[in-house]
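Coordinate-derived values only; no laboratory data. The structure displayed is predicted, hence computed values, not measured ones. Backbone-built Cβ (ideal geometry, glycine too); neighbour counts: all protein chains shown.
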């Protein structure tokens, strides 16, 4: 009696398993998800590797089992990484996905934008994707022309907080404005910043004046470096690569900083993928 035919078992590959789990955490774009496949990168043959592909974009993942790091490189047509573009100090899929969204994909998209011929069409297509992600979570959105030429904005509100994302030219990296009660704005900002440090560095408050500014500096200093802008009184925080921003000075410099005190923060360097991935948390 002949035995039933069975498909051969796929050999275990930690990088491919990691890539499949990361792919499940990255947002689809224009209805296209990420596909994991085996791959051999140029920069190493010592560690298992895999690739995530979405249209013309690709991410190469190398699982370094010796150091428990994940090396990440990005690909576009005509661009092959010869070394890692980012080393994530973790092999956890959630951590790898977040760092790829925060630090890698915006760079790849910025490079791809140089090949765009119709900047206005590209800008409106990206804004539609952002708006569609927010509307899918139940938020009402509206689009408007930006304050500058060749700029467009999509805006929405949730939980007493107002959000807007602005794109300039064909650039796929957003400026995000968050306005509302300081406690809610702080929580929203934390979604975009690096992982929180264990303790607030004491230096975060050095030279910071104003009650609201000191409160925000104490909060933001858990994630990034903060400094007060000379003359203006607002706060600058974060550095490139990654998200960085500016907190508008308090309307009343001597006023108390309650949880409900209004504040406005502008974030720069936010990739479209990163923003879309945060839609469930920015609409509640």
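Points worth noting:
- Debye log10 I(q)/I(0) at q = 0.09, 0.13 Å⁻¹ for the stretch 9-141, Cα point scatterers: -0.29, -0.58
- Label-reachable residues, the stretch 101-144, where backbone N falls under 15 Å from a point 7 Å from residue 162's Cα toward its Cβ: 140-144
- Between the helical axis of 119-136 and the longest alpha-carbon principal axis of the chain there is an angle of about 90 degrees.
- The chain, relative contact order [Cα under 8 Å, separation at least 6], %: 15
- Proportion of all alpha-carbon pairs of the stretch 119-277 beyond 23 Å (%): 39
- Fully extending the segment from residue 256 to residue 195, taken as 0.36 nm per residue of separation minus the present Cα-Cα distance, adds 19.1 nm.
- Using every pair of distinct Cα positions in the chain, the Kirkwood expression returns a hydrodynamic radius of 20.5 angstrom.
- Note on residue 150 and residue 44: the extension gain reaches 33.9 nm, defined as 0.36 nm multiplied by sequence separation minus the Cα-Cα distance.
- Averaged over residues, the count of other Cβ atoms within 10 Å places the peptides 264-271, 96-103 in the sequence 96-103, 264-271, highest first.
- Nearest-0.05 FRET efficiency for residue 83 and residue 137, computed from C-beta distance (R0 41 Å): 0.60
- Packing here is the average count of other Cβ atoms within 10 Å per residue, and on that basis the peptides 177-184, 24-31, highest first, run 177-184, 24-31.
- When you restrict to C-alpha pairs under 8 Å that are six or more residues apart and normalise by the size of the stretch 75-183, the relative contact order lands at 20 percent.
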